[in-house]
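Notes follow the structure.
Every read-out reported here was derived from the displayed coordinates using simple, explicitly stated rules and does not represent laboratory data. For clarity, every value in this text was computed on a predicted model and none was experimentally measured. Because the Cβ atoms are built from the backbone with ideal geometry, glycine has one as well, and the counts that use them run over all protein chains shown.
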Amino acid sequence: MALQTCNLHHCLVPHLLPFVLLLLLHAWGGCCHPQCLDYKPPFEPQQPLVFCKEYIKFGCCDLEKDGEISAKFYTIMDNFDHAGYDACGRYIRSILCQECSPYSAHLFDAEDANTPMRMLPGLCGDYCSSYWLQCRYTLSLLLEDSGNPQQFANLTATIEEDRKKFCDYLELKDKQYCYPNVLTNTELNANLGLVREDPTGCLELCLQEVANGLRNPVAMIHAEDGTHRFFVAEQLGYVWVYLANGSRIDRPFLNLTHAVLTSPWAGDERGFLCIALHPRFDEVKKAYVYYSVSVKKEERIRVSEFTLLTTDDNQLDHSSERTILEVVEPASNHNGGQLLFGRDGYLYIFIGDGGRAGDPFGKFGNSQNKSTLLGKVLRLDVDNNDDGTPYSIPSDNPFLHEKEARPEIYAYGVRNMWRCSIDRGDPTTGRGGGRMFCGDVGQNKFEEVDLIVKGGNYGWRAKEGFSCYDRKLCLNSSLDDILPIFAYPHKLGKSVTGGYIYRGCQMPNLNGLYIFGDFMSGRLMSLKENVASGEWQYREICMGGDRTCRFPKLINSYYKYIISFAEDEAGELYFLATGVASAKARAGVVYKIVDPSRRAAPGKCSFKPAPVKIKGKLVHFYPKEEFVINKKPTTTPIPTTSTRKTTTTTKTPPRRKTPIIIIKPPMPTRKTIRKTTLQTTRKTPPTTALKTTSKTTIKPTTVPTTVQKAMETTPAPTTPTGYRTTIMTAAFTRSAQTPIIPTSPTRKHGRPLQYAPITTSKPLTSAQPPPSPSTTSMKRPKVALTSERPAALTTPRPQYWSLKPTTSGYKPQRPPINTTPTKTQEEGLRLGEKLENTGGANQVYKRPRGRSRGSKRGRGGRKLRAGSVRLVTTDGLSDRGRLEIFIRGEWGTVCDDLFTSKAGSVVCRQLGFTTALAVMKRAALGEADRNVRILLDDVECEGGERSLLECKRSRVGKHNCSHGEDVGVICG
């Protein structure tokens with residue numbers, strides 16, 4: 001069909017209607033979940049609602065929104081007499097108040113931004129019939145302020161007299177989740193507003209990616225100075241500053257890579273291990289660091305003090321280092337590695353037992369020997385030390401006057417405490433504030449979580465968890481050890497990572513929950529204190545499914561190796577993890593923990609960060625993981641009378657005629673560029689079979705399989721009915737050849753109206769039936785359906801209607817982007833990533849326009865375009881080999897840094913294959929000669945690009961790698 005520059009209504013013919021409806025139909029991927037019209041979870045309002053009181057405890061309205069709904073209700077009711085008010089008021093109030101329902105997004109078809117949103121909530125069939133019988137003529141009043149009143153008067157005039165059309169327009173076919181059934185659904189409302197649980201009782205949470213590309217991020221802290229900056233330390237020796245908006249300053253806060261002792265070996269415990277800022281950092285401007293160092297071939301732990309540069313608030317003075325403490329390490333493991341300031345203002349240092357297995361040093365081991373600092377918790381006073389010794393001993397340290405005991409010791413009997421935290425206390429009562437929690441890594445059987453107290457003996461090496469390790473010491477009556485609050489066996493994990501008690505504002509359900517994890521198993525866990533008994537109850541944490549986490553910017557997978565936990569200045573919780581446990585692999589990510597079940601009331605947790613003076617450049621943050629909300633949903637065909645078949649394979653639909661697509665405003669997620677064009681001729685496109693694969697990842701908590709299902713090829717041969725069909729039918733039946741008068745489209749909640757444009761050459765009138773007992777009397781609305789309307793009502797095609805040519809059938813508005821690491825990527829990460837130039841990261845360079853420089857020709861004498869690729873191999877196979885790219889008249893190689901299967905798929909599609917089966921790193925498929933240039937490095941693709949030049953990458957020719965890192969690709 002050739003589309004000329006004709007009136008929209010004249011171009012649309014009846015046989016196009018089923019295709020239009022197919023595109024407009026909302027596709028549900030399972031049951032609904034609590035979600036508001038602003039794409040966020042419901043909340044408890046700070047002030048009680050006055051009008052929509054049924055949602056006073058939990059819903060989507062604050063007092064201001066409640067007042068707006070109330071004002072609209074009374075404006076509508078001004079059109080009624082007393083009898084009409086009594087009969088119709090309850091219907092109108094209930095319909096208006098559904099904006100406050102915790103399921104409002106579902107009722108208004110607003111869970112998916114790629115589908116049109118209802119103007120009114122979806123009603124159940126019986127309720128709609130009752131509403132039609134009693135108050136059918138109020139529909140125009142409900143729609144009156146939603147757009148052009150004349151437009152909706154025309155619409156309602158065609159359906160108010162026909163109950164079937166009326167309810168086809170208003171009814172939500174999902175009988176369990178329509179109004180009012182959604183309020184009485186026991187399963188749906190049983191734990192409404194509480195943290196969602198899976199059938200095993202695991203708490204389902206979601207994540208938000210905050211930072212990535214880090215090399216074993218070991219610590220994250222904040223300055224508590226109102227700037228809401230956070231500082232992330234890498235095991236290699238870098239500390240980076242991140243601003244509240246997520247950007248990173250390109251200059252490191254600290255660079256100790258020249259002094260830190262570490263290696264690229266997976267699992268090496270040495271390195272830069274922790275940093276702590278003085279609790280009055282905005283005044284004192286000092287930072288304290290804990291790292292491994294080699295002095296005359298002797299390994300030591302060093303705790304040093306640095307002062308802030310006077311000329312830069314985001315950089316320490318590297319020449320100001322002052323050693324506070326050094327401890328000789330007998331072995332390379334069990335280095336401890338925690339620094340923190342307590343509420344008393346003293347610096348706490350947590351040191352491991354010296355290494356090896358079983359603390360074999362001396363008669364009772366280092367941990368029970370108070371004459372050594374190994375296996376201890378130390379407490380030092382580092383204030384007022386500028387002109388004297390580096391530190392002093394607090395006067396109430398427990399072993400200050402004990403003979404042969406080191407006065408720095410605050411607690412002992414610890415093995416290798418990894419990650420400790422101070423409880424902020426309950427936001428309301430302050431209960432629990434100042435408590436110190438630590439995770440202590442076990443030996444052979446148990447991991448434990450301890451509550452640190454002054455003078456406490458935590459039992460190692462006599463005990464491991466609750467059980468005896470050294471039976472002779474364990475039976476010693478003088479041990480008097482403090483038992484852990486929780487211990488777990490090695491079937492759950494083999495290396496505990498201590499966490500934090502959540503005391504933030506944004507997720508009220510998590511208040512008081514101690515969240516921690518395990519480095520080896522990747523398991524997230526939680527403890528909740530029973531205040532009455534003092535016992536701690538264990539609950540595992542798992543990632544919510546796609547439906548649970550279907551909110552902006554949320555993900556539901558993470559890298560396995562949980563290195564550390566952290567909290568920001570506002571008290572929100574994070575954890576730091578990596579896919580490769582190597583100090584030089586850029587596989588580290590910072591995740592924010594999010595509860596999708598309930599949020600704080602709007603405005604309750606808002607803050608304005610204090611300004612920060614920046615020197616240098618900002619590196620903007622780009623998340624790598626695919627947001628759950630961007631995943632392609634499983635689609636559902638139009639309801640028909642025939643049996644519907646579902647499939648788990650993706651099919652290529654046949655060619656269709658040009659449909660009309662309603663485009664909603666973009667979600668508050670990654671920016672998407674849409675281009676809408678009008679073409680006058682159609683060409684038969686080649687069809688490509690799409691293959692759905694199940695990806696195995698290194699993330700233990702991911703949903704293992706993503707099923708992508710295409711829309712059905714053709715609709716069933718039944719008369720289309722339903723909410724959108726009624727609108728489209730009303731529009732088509734009133735089409736007339738009158739000029740279109742431009743007006744601006746009308747939106748509600750930031751979305752376009754989904755009604756079809758209406759044009760007519762004369763007003764539409766409907767025969768008014770005589771009053772009957774089933775029809776309520778009321779004053780006629782201001783936009784009455786009578787002959788007093790204007791002589792001509794014309795409505796233009798709104799701007800959000802666009803004719804979008806298709807080449808191979810239906811295509812979703814947003815192509816699916818899969819950023820889950822593949823098995824190949826996991827194998828590549830295990831090899832370790834190289835140390836990269838930090839100045840070249842996160843820069844985007846667009847594909848160069850025009851022809852490439854150079855005149856080389858490919859097969860058949862065709863000129864090669866810039867970005868052309870080839871696979872070079874010695875065995876003659878065309879589907880695999882070292883990747884080379886043609887840029888600026890020459891062929892060159894591509895480095896394997898950040899190169900994933902998505903980039904490999906871009907290459908394979910250029911070569912005529914469907915996808916990339918594997919990406920081979922470290923020149924596994926061959927190394928180029930020295931005279932071949934390295935042209936690209938740090939290539940990051942999303943999978944939909946036409947060539948590698950369209951991906952995020954370094955500048956052409958700029959790299960810091962060798963041909964030993966040439967990437968290879970295997971296509972299929």
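Using 1/(1 + (r/R0)^6) with R0 = 51 angstrom and r between the beta carbons of LYS164 and THR200, what's the FRET efficiency to the nearest 0.05? Present the calculation step by step, with values, prior to reporting the outcome.
Values: r = 46 Å, r/R0 = 0.90.
For R0 = 51 Å, the calculated efficiency reads 0.65.
Mind checking segment 160-211 for trypsin sites (Lys or Arg not before Pro) that DSSP puts in a loop (not H, G, I, E or B) and that have at most 15 other Cβ atoms within 10 Å?
Listed in order of number, the matching sites are LYS175.
Taking the mean number of other Cβ atoms within 10 Å as a proxy for protection, how do you rank 81-87, 354-360 from highest to lowest?
The densest-packed peptide leads the list: 354-360, 81-87.
To the nearest 0.05, how large is the calculated FRET efficiency for ILE482 and LYS175 if R₀ is 60 Å and r is the Cβ-Cβ distance?
Efficiency for this residue pair is about 0.55.
Could you pull out which residues in segment 367-397 have an amide N less than 19 Å from a spot 7 Å beyond the Cα of THR310, following the Cα-Cβ vector?
385-387
Name the aspartates and glutamates eligible as straight-distance cross-link partners of LYS454: C-alpha to C-alpha under 18 Å, and not fewer than 8 places from it in the same chain.
LYS454 reaches ASP344, ASP381, ASP396, GLU402, GLU408, ASP423, ASP440, ASP480, ASP481.
What is the distance, in nm, between label points placed 7 Å from the Cα along the Cα-to-Cβ direction at LEU911 and at SER606?
5.4 nm
DSSP loop (so not H, G, I, E, B), at most 11 other Cβ within 10 Å: list which GluC sites (Glu not before Pro) in segment 426-469 pass both filters.
none
Sorting PHE51, PHE575, PHE272 on the 10 Å Cβ count, fewest up front, what's the list? Provide the component values of the computation, followed by the final result.
Values: PHE51 21, PHE575 26, PHE272 29.
Ranked by crowding around the Cβ, least crowded first: PHE51, PHE575, PHE272.
When all alpha-carbon pairs of segment 203-619 are counted, what percent fall beyond 38 Å?
Counting every Cα pair in segment 203-619, those more than 38 Å apart make up 16 percent.
Residue separation times 0.36 nm, minus the C-alpha to C-alpha distance between GLN46 and THR428: what's the value?
Roughly 136.1 nm would be gained on extension.
Which net charge results for the neighbourhood of MET520, defined as the other residues with beta-carbon distances under 10 angstrom from its beta-carbon, given Lys and Arg at +1 and Asp and Glu at -1? List each step's numbers first, then the result.
Numbers: positive: LYS494, ARG523, LYS560; negative: GLU447, ASP518.
Taking every Cβ under 10 Å from that of MET520, the sum is +1.
Apply the Karplus parameterisation 6.51 cos²θ - 1.76 cosθ + 1.60, with θ equal to phi minus 60°, to every residue of segment 944-954 and state each ³J(HN,Hα) to the nearest whole Hz, in sequence, with x for glycine and proline.
Taking θ as phi minus 60°, the curve returns x, 6, 7, 8, 5, 5, 8, 7, 6, 6, 7 Hz for segment 944-954.
Going down the table (LYS376/LYS604; LYS491/LYS952; LYS491/LYS584; LYS584/LYS608; LYS376/LYS445), which pairs top 31 Å between alpha carbons?
From the list (LYS376/LYS604; LYS491/LYS952; LYS491/LYS584; LYS584/LYS608; LYS376/LYS445), the Cα-Cα distance tops 31 Å for LYS376/LYS604; LYS491/LYS952; LYS584/LYS608.
Need the full-extension length gain, SER332 to SER129, defined as separation in residues times 0.36 nm minus the C-alpha distance. One decimal, nm. Display every interim value, and only then the final one.
Values: separation 203, 0.36 × 203 = 73.08 nm, distance 7.64 nm.
Extra length from SER332 to SER129 when fully extended: 65.4 nm.
Evaluate E = 1/(1 + (r/R0)^6) for TRP536 and ASN384, where r is the Cβ-Cβ distance and R0 equals 51 Å; express this FRET efficiency to the nearest 0.05.
0.85
Roughly what would the spin-label model give for ASP929 and GLU402, points 7 Å off Cα along C-beta, in nm?
Calculated label separation equals 7.3 nm.
List the aspartates and glutamates whose alpha-carbon lies under 14 Å from that of LYS921, not counting same-chain residues fewer than 8 positions away?
Partners found: GLU826, GLU827, GLU833, GLU884, ASP896, ASP897, ASP937, ASP938, GLU965, ASP966.
What distance in nm separates the two pseudo spin-label positions at LYS454 and GLU890, each 7 Å out from Cα along the beta-carbon direction?
So the label points at LYS454 and GLU890 sit 7.0 nm apart.
For segment 323-444, restrict the atom set to alpha-carbon positions and state the Rg and Dmax in Å.
Both quantities, over Cα of segment 323-444: 15.3, 49 Å.
Among PRO217, THR186, LEU170, pick out the residue whose Cα is farthest towards the positive end of the charge dipole of segment 162-218, where Lys and Arg carry +1 and Asp and Glu carry -1 on C-beta, about the Cα centre.
Going by the Cα projections, it comes out as LEU170.
If you add up the charges near ALA244, with Lys and Arg at +1 and Asp and Glu at -1, over every other residue whose beta carbon is less than 11 angstrom from its beta carbon, what do you get?
With Lys, Arg at +1 and Asp, Glu at -1, the net is 0.
Could you list VAL531, VAL284, VAL939, VAL210 so that the one with the fewest beta carbons within 10 Å of its beta carbon is first and the one with the most is last?
Going from least to most buried by this count: VAL531, VAL284, VAL210, VAL939.
Fewest to most neighbouring Cβ within 10 Å: what's the order for HIS963, HIS258?
HIS258, HIS963
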